[in-house]
Amino acid sequence: MAKKQVPIIEGLFTWPSDRPQLLASKCKKCGAYFFPKVPYCGNPDCAKDKANMEVVPLSNTGTMYTFTIHTAQPALPFRMEPFTPYGVAMVDVAEGMRVLGMTTTTEGLKIGQQVQMTVGKLYEDADNEYITWMWKPVEK
Amino acid sequence: MKAMREVAIVGIGQHPWGQFPEKNMQEMGVECTVDALKDANMSWRDIQSAAYGAYMWIADRGGVPSLLMGTSIARMMGETGIPMVNCVNACASGQAILREAVLAVASGHADTAIAVAADKSAGGFFRPQLRDPSPSKFDRGAENDTDYIRFCMTGETNPAYWAMELRRRMYDVGTTDEVLAMAKHITSQGAVNNPYARYRKVFTIEEIKASKYIADPLRLFEICATSDGAAAVIVTTLDNAKKHNKKPLLVKAITIGTPTFGDPTIRLTFCSAYPRPGVLDLSESRNAINVIYKISGLQPADIDIIELPDNSSWHYLVYLECILGLKAGEADKMLMSGKVHPITGELPVCSGGGVAAQGEAVVAQGLSQVCQLVRQMRGEAGDGQVKKTKLVNGLAQTYGYAGNNAACILSKAW
Ligand SMILES: [Zn+2]
């Protein structure tokens, strides 16, 4: 039986889902977006009113702004088993946000390429696979 | 409140940077305090106000006494009942506490004040304080800890962030591997005769380029290590400083920089940015620099010597541009021209080898930069003295993560 896929921290993206999306906060007054979710709009000119904020799923496609391939292994609490070099990227999405995330591959990454949000496993135990959001390059 | 008074640095004390497992942070803080008092020709009872760097990694060592550093150092120095404040502004803490000391004297609240920071950051990548890799089961607080989220769920270490900014820079302005290696090679030449530096050797271009990638395109020797270190700076009124030290340095301007809403940078410990038109990257750093030029009435052409935060070769380039008001890419040419050589340059930069040669001792780093400027401007850097003789105005800037920055300008006052 397949193990259950569990986000390392719940509530950061829609899950379970065939088409997961990051969950951001949007200010109804000024249109600013924040990820992860925030209780108040960070625009200095907006009222600190929780009622102004709504949770919205972000576009699950974007454009690669930049990336690195991390070859050194970070210590706990980062956990990836087995450890392999991994990509980390900054991706621009349609809402005007720039969002961090791992990449599904270290091959063929390019600034300006189109990427799609998906999930990937970092480690597992007897019952669960622990997942995070990842950016996957898409053919164009 | 009285009118603001002119404030000068009258004494400095610095512990060497490196790894000192035999000492605790408080001992290191006492050593450099004693050295600073001696340099200022003062005694501990002359100090009327004090600001301390609060150690950040108390999950690893030091515990609460090192977070509450002031009163724990006072237990060793001897308690005198003076006001003490503990400050954490990440790597920019050193200059943040110096600002507190300067303001205490400028305002008339105290005639003499000290800033002290002692730090043991040696030992690999900085990481979140919460160490449980599966917190969702028992710690919902992790959901709001963006430092934890970026580390565990995106694998972003500090060098990963620097490497991403660097790759974009290479794409935008064509920074080359050669330039990155040169930043380390050239600053390392300043470290050879700096007794406070941890790595006192010249790194060749070949060995830098042969060092392994940590986060491609940044290599091991292009990223600063983490170190233990401590430093203290004593300030007093300019008039009093002249009585105690033949070579007082006027604090012409000192400030703390924080970000502007809409900065396109995904700063360390955060997971996103919401870029707004007209807001530049590294806004916390640009804000700090703009303020010190405005307060001092000086401009980049007036600066004779610079200590910038070369936490990586990427930092070296972007901070040279930030401080001198250059366009993106211009630092590469300036570096390659030799103008900013730490010892022989017409504008010496990182004369003691910079953060690259020291390794970062987080909260003490800013004071180390100030100590280095003071030694050079007084002409007391020994074999590491810069060749340039006109050193009237010196500028130091410190980079701190999560949008913390600080910068100051010191001017010769004798
Ligand atoms: Zn708003």
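The values are calculated or read from the model by the stated rules, or taken from the named source; none is laboratory data. Just so it is clear, the structure is predicted and the values come from calculations on it, not from any experiment. Cβ sites come from the backbone with ideal geometry, for glycine too, and all protein chains shown count toward neighbours. Keep in mind that these areas ignore ligands, DNA and RNA; they rest on the heavy atoms of the full protein, side chains included. Shrake-Rupley method; radii C 1.70, N 1.55, O 1.52, S 1.80 Å.
Tabulated results
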{"item": "Flag for A:K48 being open to solvent by 50 Å² or more (accessible area, probe 1.4 Å) and free of Cβ contacts under 8 Å to residues at least 12 places away in the same chain", "result": "yes"}
{"item": "Among the candidates B:E360, B:E380, residue that is out of contact with any Gly (no Cβ under 7 Å at 6 or more places or on another chain), closer than 16 Å to B:Y196 by Cα and open to solvent by less than 10 Å² (accessible area, probe 1.4 Å)", "result": "B:E360"}
{"item": "Failed criterion for B:L220 (all others in (1) surrounded by fewer than 21 Cβ atoms within 10 Å (Cβ to Cβ); (2) under 21 Å from the mean Cα position of the chain (by Cα); (3) more than 14 Å from every other protein chain (Cβ to nearest Cβ) hold)", "result": "(3)"}
{"item": "Unique residue being β-branched (V, I, T), at pLDDT 95 or above and either touching a Lys or Arg at 6+ places or on another chain (Cβ under 7 Å) or open to solvent by 40 Å² or more (accessible area, probe 1.4 Å) (or both) when the list is B:V291, B:V340", "result": "B:V291"}
{"item": "Residue match in segment A:18-37 (condition: more than 16 Å from the ligand (Cβ to nearest atom) and surrounded by fewer than 15 Cβ atoms within 10 Å (Cβ to Cβ))", "result": "yes"}
{"item": "Condition broken by A:I111, with the remaining ones in (1) in contact with a helix residue (DSSP H, G or I) (Cβ under 9 Å, 6 or more places away or on another chain); (2) facing chain B (nearest Cβ under 7 Å); (3) buried (at least 17 other Cβ atoms within 10 Å of the Cβ) satisfied", "result": "(3)"}
{"item": "Residues of segment A:16-29 classified as away from every other protein chain (no Cβ under 12 Å) and within 16 Å of A:I131 (Cα to Cα), total", "result": "6"}
{"item": "Residue check, A:P82 under 30 Å from B:L220 (Cβ atoms), open to solvent by 70 Å² or more (accessible area, probe 1.4 Å) and more than 10 Å from the ligand (Cβ to nearest atom)", "result": "yes"}
{"item": "Exclusive hit being outside the structural domain of A:I131 (by TED's automatic domain parsing), in contact with a Lys or Arg (Cβ under 9 Å, 6 or more places away or on another chain) and of a type in the set (F, W, Y), set A:Y65, A:Y40", "result": "A:Y40"}
{"item": "Residue check, A:T14 over 20 Å from the mean Cα position of the chain (by Cα), away from the ligand (no atom under 16 Å from the Cβ) and either at pLDDT 95 or above or not assigned by TED's automatic domain parsing to the domain that holds A:E124 (or both)", "result": "no"}
{"item": "Residues (more than 10 Å from the ligand (Cβ to nearest atom) and more than 10 Å from chain B (Cβ to nearest Cβ)) located in segment A:38-56", "result": "A:K50, A:A51, A:E54, A:V55, A:V56"}
{"item": "Some residue of segment A:61-75 being open to solvent by less than 50 Å² (accessible area, probe 1.4 Å), more than 16 Å from the ligand (Cβ to nearest atom), β-branched (V, I, T) and assigned to a loop (DSSP other than H, G, I, E, B)", "result": "no"}
{"item": "Conditions (1) away from the ligand (no atom under 12 Å from the Cβ); (2) in contact (Cβ under 8 Å) with a residue 40 or more places away in the chain; (3) closer than 19 Å to A:E95 by Cβ; (4) out of contact with any Pro (no Cβ under 7 Å at 6 or more places or on another chain); number of the one not met by A:K3", "result": "(3)"}
{"item": "Residue match in segment B:225-234 (condition: closer than 28 Å to A:T132 by Cβ and either part of a strand (DSSP E or B) or more than 14 Å from every other protein chain (Cβ to nearest Cβ) (or both))", "result": "yes"}
{"item": "Residue in segment B:55-62 that is among the aliphatic types (A, V, I, L, M), outside the structural domain of B:G400 (by TED's automatic domain parsing) and within 20 Å of B:V102 (Cα to Cα) present", "result": "no"}
{"item": "Residues of segment A:91-125 that turn out to be of a type in the set (G, A, S) and either at pLDDT below 95 or part of a strand (DSSP E or B) (or both), as a count", "result": "2"}
